[in-house]
1. Within the stretch 144-152, is even one residue touching a helix residue (DSSP H, G or I) at 6+ places or on another chain (Cβ under 9 Å), in contact (Cβ under 8 Å) with a residue 60 or more places away in the chain and either exposed (fewer than 15 other Cβ atoms within 10 Å of the Cβ) or polar (S, T, N, Q) (or both)?
2. Only one of Asn237, Asn216, Asn198 is under 29 Å from Phe48 (Cβ atoms) and either more than 19 Å from the chain's Cα centre (by Cα) or among the hydrophobic types (A, V, I, L, M, F, W, C) (or both). Can you tell me which?
3. Test of understanding: among Leu73, Leu68, Leu44, Leu49, which residue is modelled with pLDDT of 90 or more, in contact with a Lys or Arg (Cβ under 6 Å, 6 or more places away or on another chain) and surrounded by 20 or more Cβ atoms within 10 Å (Cβ to Cβ)?
4. In the stretch 161-175, what residues are touching a residue at least 40 places away in the same chain (Cβ under 8 Å) and under 15 Å from Asn131 (Cα atoms)?
5. In this structure, is Ala124 more than 15 Å from the chain's Cα centre (by Cα), at pLDDT below 95 and closer than 25 Å to Leu73 by Cβ?
6. Are any of the residues in the stretch 176-184 under 30 Å from Tyr62 (Cα atoms) and without any contact (Cβ under 8 Å) to a residue 24 or more places away in the chain?
7. Which condition breaks for Lys141 when tested against (1) out of contact with any Phe, Trp or Tyr (no Cβ under 8 Å at 6 or more places or on another chain); (2) not in a loop (DSSP other than H, G, I, E, B)?
8. For Leu54, indicate whether it is more than 21 Å from Gln181 (Cβ to Cβ) and in a loop (DSSP other than H, G, I, E, B).
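The values are calculated or read from the model by the stated rules, or taken from the named source; none is laboratory data. Owing to the predicted nature of the structure, the values given are computational and were not obtained by experimental measurement. All Cβ positions, glycine included, derive from the backbone under ideal geometry; neighbour counts span all protein chains shown.
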Amino acid sequence: MKLVKGHLQEDISAIFQQVMDQVNHEVLTRYVENPPISFLRMKLLYLFLTQLGLAKSMIHRYTVTSSLVQLALDSHESIGQGKDETLHAIRTRQLTVLAGDFFSSKYYYLLARSGDVRGIRQLAKGIEKINEYKMKLYREKKMDAEDYLQRKTEIEAQILLSFVEEMACDKKEIWRTFIYQMILIEQLVHDYEACRWNHNPGQYFDMLSLENGAFNSYRLLVNRIHQAVFQGRKLLNALSDTTVYEDLKQMIDEFVAKLDNQNALAEEL
């Protein structure tokens, strides 16, 4: 069945609420701020699984559990960023560790309760690969901005890619590359918006600035986004015969809309 934007949004909203129902905890909610949940990743996995013809209940279960895994990983990733050694900060970091473990236990519980051993094994492999990629990234001493971006994107996309790798699909390689490209665009646009609102854009832009200077780096970042969007559209064309094509196209268009305004156009000239 072909999805339309309204129906997709309704299902994603329902999935998001299921995730929030799982992560809400009186103590954690009071002391720990959860990492943001990526609606893009929810939609990508939802549409990929929909294209495979999986039952709606299974699509919801995998989208919910993959989001919980990502929350757990992002929670643990945020721990090393704090340098405040006050008692409050130390306790917050300790609770953040527990929050990550709590989210992990939730994904495992949901899959185990449904008897989905395949899903447990699949996500476990994805987590294992992520940890391997992170160790390689942290051990690398000599790396330019583009190398860092590529490796970071591999890490961020791995949970979704674990589903692509494990499930039968006629266009597996195209889906794998398209999902990677969309996660790349998501990261670049995040840095772009952070720059425009004077927030910390992250390590990629910091490395780009060291290599090219802050002013040139902003222009390079905008150009890099356009390149990534162009590649995304090319890959999307290879999925034009799928029933979820229009929804995937809408996702790219939403990114373009964030750039397509007078300020951005002026800055790109």
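1. Looking for residues that are touching a helix residue (DSSP H, G or I) at 6+ places or on another chain (Cβ under 9 Å), in contact (Cβ under 8 Å) with a residue 60 or more places away in the chain and either exposed (fewer than 15 other Cβ atoms within 10 Å of the Cβ) or polar (S, T, N, Q) (or both), one finds at least one in the stretch 144-152, hence yes.
2. Values: Asn216 fails: under 29 Å from Phe48 (Cβ atoms); Asn198 fails: under 29 Å from Phe48 (Cβ atoms).
Sole residue among the options that is under 29 Å from Phe48 (Cβ atoms) and either more than 19 Å from the chain's Cα centre (by Cα) or among the hydrophobic types (A, V, I, L, M, F, W, C) (or both): Asn237.
3. So the residue among Leu73, Leu68, Leu44, Leu49 that is modelled with pLDDT of 90 or more, in contact with a Lys or Arg (Cβ under 6 Å, 6 or more places away or on another chain) and surrounded by 20 or more Cβ atoms within 10 Å (Cβ to Cβ) is Leu68.
4. Within the stretch 161-175, Ser162 is the sole residue that qualifies.
5. So Ala124 passes the test.
6. Yes: one or more hits.
7. Condition not satisfied by Lys141: (2).
8. yes
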